[in-house]
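The values are calculated or read from the model by the stated rules, or taken from the named source; none is laboratory data. These numbers come from a predicted model, not from an experiment. We place every Cβ from the backbone using ideal geometry, glycine too, and count neighbours over all the protein chains shown. Please note that ligands, DNA and RNA were not included when accessible areas were found on the heavy atoms of the full protein model with its side chains. Shrake-Rupley method; radii C 1.70, N 1.55, O 1.52, S 1.80 Å.
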Amino acid sequence: MTFENNFINHSKDYIFSANETLANQREQSFRKILKNNYDKKNNESLKNITISDLSKFDYFYKYENKAPKVSVLDSINYEIRVVNGMCQNFEDDNIEIRNLQNYDFNSFLDQDNNNSDDIIIDLNKIFLNSGIFFNIKNDTKLNIRLIHDTSDNFTVFQNNFINFKKNCEINFEDHFNLSHNTINNINYNTKVEECAVVKHNIFQDFSSSNKLYLTSNTVCKKNSSYNQNTYNFSKGFVRNFHNISLNGEFAKASLKGCFFLKDENICTNKTNIVHNAEHCISDQTYKGILNHNSKANYYSNTFVSENAQKTEGYQLSKGILLTDHCSFFSKPELRIFADDVKCSHGSTIGPVDETALYYLRSRGINKNEAMKMIISSFIEEDLQNLDHQARIIISNNLTNFLNSLSDD
Amino acid sequence: MIFLNINNLNVSIEGKKILNDFNIQINEGEVHAIMGPNGCGKSTLANVLAGNEDYEINSGKVIFKDEDLLDLNIEERAQKGLFLAFQYPVEIPGVNITPFLQASINSKLKNEKKPEIDNISFAKLLKKNAEELGISIDMLKRSINTGFSGGEKKRYEILQMSILNPALSIFDETDSGLDVDALRVVTEGINRFKDSKKSFLIITHYQKLLDYIHPNYVHVMREGRIIKSGDISLAAEIEKSGYQNF
């Protein structure tokens, strides 16, 4: 069904559909997209996106009583199952989780808008059909595992709000269990309050018929720390766009990602960190291994505002191209308006280091195993801080990816 | 058994001829040294023997332990007992020394149809050999050559040789970049490893290294071939008058 028909036929199904302000905004966004006709050339948000996936798709969403569940495994371990964008409403001394209600409308309107030119976010607003509000309370120390289950053929347009309250220490994991032929346009609005420490690991591993457009906007307050690690082993399309604003002194943030692509797969990545306060540190590092005809791009931006003295900001992208037919486009950008900063950026993309390969083989290790050693070593440092279970997940996925190289 | 016989070997890279009807024979237990001016083809010879695929073999024959070496790929040559100690050992961040070396020795053992070495036996062997070379246990926890000084890299090459136990070890200008003390440690490591079954091909510019190793034969190489052979006195002659007289 065309974009126009989806908009007209389903506009009453969406969250906040009764609200006139939002209805007008949706109408404006709809007209803007139609007018520009998905102008790919001038819009980073559409890089490596297949326009027909946006302009023509089968919108399908209905509430199903599939019993999304919050499981308190023990005093610090929580498992939250989100089914087709819906969760079970739950509250205890540590967390509050609930589906978005009409009274959340103002939060929705007030969300930090780093995405004014992002058509994917416009689509999220237009077709919004689900959303979850998370409140992680002061001083809690928790491990939270969030599992996104999306049923066959569902189109999930989800907008989530997470508040990590003061002094909490949270390991937060996102897992995507997407079944078949699903579209998942998910937007996170995250606040990390003073002295909160958040480690956010995102695991993406699903079949080729699924698409995931994941966007996050995170605001970090004074002395807080937010570290995001994204691991993309998906065979389906993935867009990872992640933004952070460091708004309080001594805040630290990192956006790191590893992706492993093969066949005709495509992924598009963008990270953006804005330094708005003094003494903040940021790190953006994305690494990719590409095989066959796969394609990827990575935009990284660091913006240091005039008052953000003593900033440290680092950017790095690395890519290994295993064939002559794959491609990885990388564009690091630094915009610095303060004069007392330490910032750097770098990008290296190329085939496997032949000298290293020769060295390993000269010690009797066969070419395939040597290749695996070099590729494993490429992301080894990114696995150092993972807990045991997360390491097992990555290790199994990596083994599968490396074994697929042997089949070629 | 023919141990190593190189017969009329011609090699080029990107159309430029480097080895020019090169001939040498090395028997089991012998130590040969090759000296020669820059660009004469010494490192090319080492790399061609190790199987570096950047070079084009135009003609000639190389027999190693009764087998045509040129038919084997890089890893097969190593598994058969050929070891090249690199002039500039490459850094490979993220590949840990210990599992890498265990994988190396096991690939060799597998090729020889022998049982693989288990973790505990390997750890003992590695610790013993590392101690003999003054290599700390901490260094063995690091990535291959990563952050090593020049001397550490060369010592680590000797450690690999002592673990892999090759029949033929080729040293490509191992003395380059080493101070006197590091040179002594490295050459002591080589000397400790010598026996009647093991052969060495030492490529060097300087007599100093040969003073420690005592080769049976010294060869002078120019323009891709050996132009003179003799004993250790040949090295002294080169040290005194350079290569002009050859």
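Whole-Hz Karplus ³J(HN,Hα) for the range B:2-19, in order, using 6.51 cos²θ - 1.76 cosθ + 1.60 and θ = phi - 60°, x for Gly and Pro?
Coupling constants for the range B:2-19: 7, 7, 9, 9, 10, 10, 6, 7, 10, 9, 9, 9, 6, x, 9, 6, 10, 9 Hz.
Which distance in Å, rounded to a whole number, links the C-alpha centroids of the range A:291-356 and the range B:36-55?
37
Taking only protein heavy atoms and a 1.4 Å probe, what accessible area per residue, in Å², does the range B:4-241 have with all protein chains in place? Write out the running numbers ahead of the final one.
Numbers: 10390 Å² over 238 residues.
Solvent-accessible surface per residue comes out at 44 Å².
Pick from B:Ala78, B:Ala182, B:Ala123 the residue whose mean-square fluctuation is largest in a GNM of chain B, springs joining Cα atoms under 10 Å.
Result for chain B, Cα springs under 10 Å: B:Ala123 fluctuates most.
Filter the GluC sites (Glu not before Pro) in the range B:199-246 down to the DSSP loop ones having no more than 16 other Cβ atoms within 10 Å, then list what survives. Spell out each step's value before the answer.
Working: sites: B:Glu223, B:Glu237, B:Glu239; in loops: B:Glu223.
For GluC sites (Glu not before Pro) across the range B:199-246 that sit outside H, G, I, E and B with at most 16 neighbouring Cβ atoms in 10 Å, the list reads B:Glu223.
Got a sec? Charge dipole of the protein assembly as shown, +1 on Cβ for Lys and Arg, -1 for Asp and Glu; which of A:Ser29, B:Gly41, B:Ala236 is way out at the positive end?
Of the options given, the answer is B:Gly41.
Where the accessible area of the protein assembly as shown is counted over protein heavy atoms with a 1.4 Å probe, how much of it, in %, is carbon and sulfur? Can you show the working numbers first?
Numbers: 12640 of 27940 Å².
Answer for the protein assembly as shown: carbon and sulfur cover 45 percent of the accessible area.
Which loop-located GluC sites (Glu not before Pro) does the range B:11-77 contain, where loop means any DSSP state but H, G, I, E or B and the Cβ has at most 13 other Cβ atoms within 10 Å?
Details: sites: B:Glu14, B:Glu28, B:Glu30, B:Glu53, B:Glu56, B:Glu67, B:Glu75, B:Glu76; in loops: B:Glu14, B:Glu28, B:Glu30, B:Glu53.
Loop-located and lightly packed - B:Glu14, B:Glu53.
Using only Cα atoms, locate the centre of the range B:123-195 and the centre of the range A:113-171, then give the distance between them in Å, rounded to an integer.
54
Please check: in the Gaussian network model of chain A (C-alpha springs, under 10 Å), which one of A:Gln204, A:Gln101, A:Gln384 has the largest mean-square fluctuation.
Maximum fluctuation in the GNM of chain A, among the listed residues, is at A:Gln384.
Looking only at trypsin sites (Lys or Arg not before Pro) in DSSP loops with at most 11 other Cβ atoms within 10 Å, what is the longest site-free stretch of chain B?
Details: sites that count: B:Lys113, B:Lys141, B:Lys197.
After excluding every exposed loop site, the longest remaining stretch is B:1-112.
Looking at the range A:3-100, which GluC sites (Glu not before Pro) are DSSP coil and have at most 14 other C-beta atoms within 10 Å of their C-beta? Show your work: numbers first, answer last.
Values: sites: A:Glu4, A:Glu20, A:Glu27, A:Glu44, A:Glu64, A:Glu79, A:Glu91, A:Glu96; in loops: A:Glu64.
Answer in residue order: A:Glu64.
Give me the one-decimal nm value for the distance between modelled label points at B:Lys61 and A:Lys12, 7 Å along each residue's Cα-to-Cβ direction.
9.1
Stick to the Cα atoms of the range A:354-408, pair each with every other, and give me the Kirkwood hydrodynamic radius in Å at one decimal. Can you show the working numbers first?
Numbers: mean 1/r = 0.0822 Å⁻¹.
One decimal place: 12.2 Å for the Kirkwood radius.
Sorted by accessible area (1.4 Å probe), largest first, how do B:Ser149, B:Ser43, A:Ser75 line up?
Numbers: B:Ser149 60, B:Ser43 35, A:Ser75 95 Å².
Accessible-area ranking of B:Ser149, B:Ser43, A:Ser75, largest first: A:Ser75, B:Ser149, B:Ser43.
So if I take the alpha carbon set of the range B:107-184, get Rg, then get Rh from the Kirkwood formula, what is the Rg over Rh ratio?
Working: Rg = 13.8 Å, Rh = 13.9 Å.
Ratio of gyration radius to Kirkwood radius: 0.99.
Quick one: if you stick a label point 7 Å off each Cα along the C-beta vector at A:Asn48 and B:Asp54, how many nm between them?
Spacing of the two 7 Å Cα→Cβ label points: 3.1 nm.
What share of the DSSP beta bridges in the protein assembly as shown is antiparallel, in percent to the nearest 5?
Values: 35 of 188 bridges.
Of all bridge pairs located within the protein assembly as shown, approximately 20 percent are antiparallel.
Taking the Cα centre of chain B as origin, sum charge times position over the Cβ atoms of Lys and Arg (+1) and Asp and Glu (-1), and report the length of that vector in debye to the nearest 20. Mind showing how you got there, number by number?
On the way: 29 positive and 34 negative charges, 73 e Å.
That gives chain B a dipole magnitude of about 340 debye.
So what's the back-of-envelope 222 nm ellipticity for chain A, counting only DSSP H runs of four-plus at -39500 (n - 2.57) apiece and dividing by all residues, rounded to 500?
Values: 8 runs with 89 residues, N = 408.
Counting only the DSSP helices, I get -6500 deg cm²/dmol.
Total accessible area buried between chains B and A, 1.4 Å probe, in Å² to the nearest 100? Don't jump to the answer; show the numbers that get you there.
Working: alone 11820 and 17920 Å², together 27940 Å².
The buried area between B and A, both sides summed, comes to about 1800 Å².
In Å, what is the Rg of the alpha-carbon atoms in the range A:3-351, and how long is Dmax?
Radius of gyration, then largest Cα-Cα span, for the range A:3-351: 19.6, 56 Å.
Once you've got the Cα coordinates, tell me which of A:Lys47/A:Lys199; A:Lys40/A:Lys199; A:Lys137/A:Lys199; A:Lys56/A:Lys295 are over 26 Å apart. Walk me through the intermediate numbers first.
Details: A:Lys47/A:Lys199 28 Å; A:Lys40/A:Lys199 34 Å; A:Lys137/A:Lys199 16 Å; A:Lys56/A:Lys295 22 Å.
Pairs exceeding 26 Å: A:Lys47/A:Lys199; A:Lys40/A:Lys199.
Under 14 Å from the Cβ of B:Ile120, count the other residues' Cβ atoms, weight Lys and Arg +1, Asp and Glu -1, and hand me the total. Write down the numbers at each step before the final one.
Working: positive: B:Lys124, B:Lys127, B:Lys128; negative: B:Glu116, B:Asp118.
Net of charged neighbours comes to +1.
In deg cm²/dmol, rounded to 500, what helix-only [θ] at 222 nm does chain B give when every DSSP H run of at least 4 residues adds -39500 (n - 2.57) and the total is split over its residues? All intermediate terms of the calculation are to be shown ahead of the outcome.
Working: 9 runs with 94 residues, N = 246.
Result for chain B, helices only: -11500 deg cm²/dmol.
Within the set of other residues whose C-beta is less than 10 Å from the C-beta of B:Glu76, count the net charge using Lys and Arg as +1 and Asp and Glu as -1.
Working: positive: A:Arg361, B:Arg77, B:Lys80; negative: B:Glu67, B:Asp71, B:Glu75.
Its environment carries a net charge of 0.
Report the per residue volume, in Å³, of the convex hull enclosing the C-alpha atoms of the range A:64-157.
On the way: hull volume 12.1 nm³, N = 94.
Once divided by residue count, the hull of the range A:64-157 is 129 Å³.
log10 I(q)/I(0), Debye, Cα-only the range A:304-362, no solvent, q = 0.15, 0.25 Å⁻¹?
Debye curve over Cα of the range A:304-362, log10 I(q)/I(0) at q = 0.15, 0.25 Å⁻¹: -0.62, -0.98.
Can you figure out the FRET efficiency of A:Ser107 with A:Lys235, using R₀ = 30 Å and their beta-carbon distance, to the nearest 0.05? Mind showing how you got there, number by number?
Numbers: r = 35 Å, r/R0 = 1.16.
Working from the Cβ atoms, E equals 0.30.
Whole-Hz ³J(HN,Hα) for each residue in the range B:157-163, computed from phi via Karplus 6.51 cos²θ - 1.76 cosθ + 1.60 with θ = phi - 60°, x for glycine and proline: what do you get?
Residue by residue, the range B:157-163 yields 5, 5, 4, 4, 4, 5, 6 Hz.
Going down the table (A:Lys35/A:Lys287; B:Lys114/B:Lys154; A:Lys372/B:Lys124; A:Lys62/A:Lys318; B:Lys42/B:Lys197), which pairs top 31 Å between alpha carbons? Don't skip to the end; give the middle numbers.
Values: A:Lys35/A:Lys287 36 Å; B:Lys114/B:Lys154 29 Å; A:Lys372/B:Lys124 27 Å; A:Lys62/A:Lys318 42 Å; B:Lys42/B:Lys197 24 Å.
Distance filter (> 31 Å) returns A:Lys35/A:Lys287; A:Lys62/A:Lys318.
Let's test this: bin the Cα-Cα distances of the protein assembly as shown at 10 Å from zero up to the farthest pair and state each bin's percent.
Going from the shortest bin to the longest, the percentages are 3, 14, 21, 19, 14, 12, 10, 6, 2, 0.
Can you tell me the 0 to 90 degree angle between the C-alpha axis of helix A:20-36 and the longest principal axis of chain A, rounded to 10?
Relative to chain A, helix A:20-36 is tipped by roughly 40 degrees.
Please list B:Phe3, B:Phe246 in order of solvent-accessible area, largest first, computed with a 1.4 Å probe with all protein chains present. Could you put the intermediate results ahead of the total?
On the way: B:Phe3 5, B:Phe246 50 Å².
Putting B:Phe3, B:Phe246 in descending order of accessible area: B:Phe246, B:Phe3.
Label-point separation (nm) for B:Lys197 and B:Glu116, each offset 7 Å from Cα along Cα-to-Cβ?
Result: 2.4 nm between the two label points.
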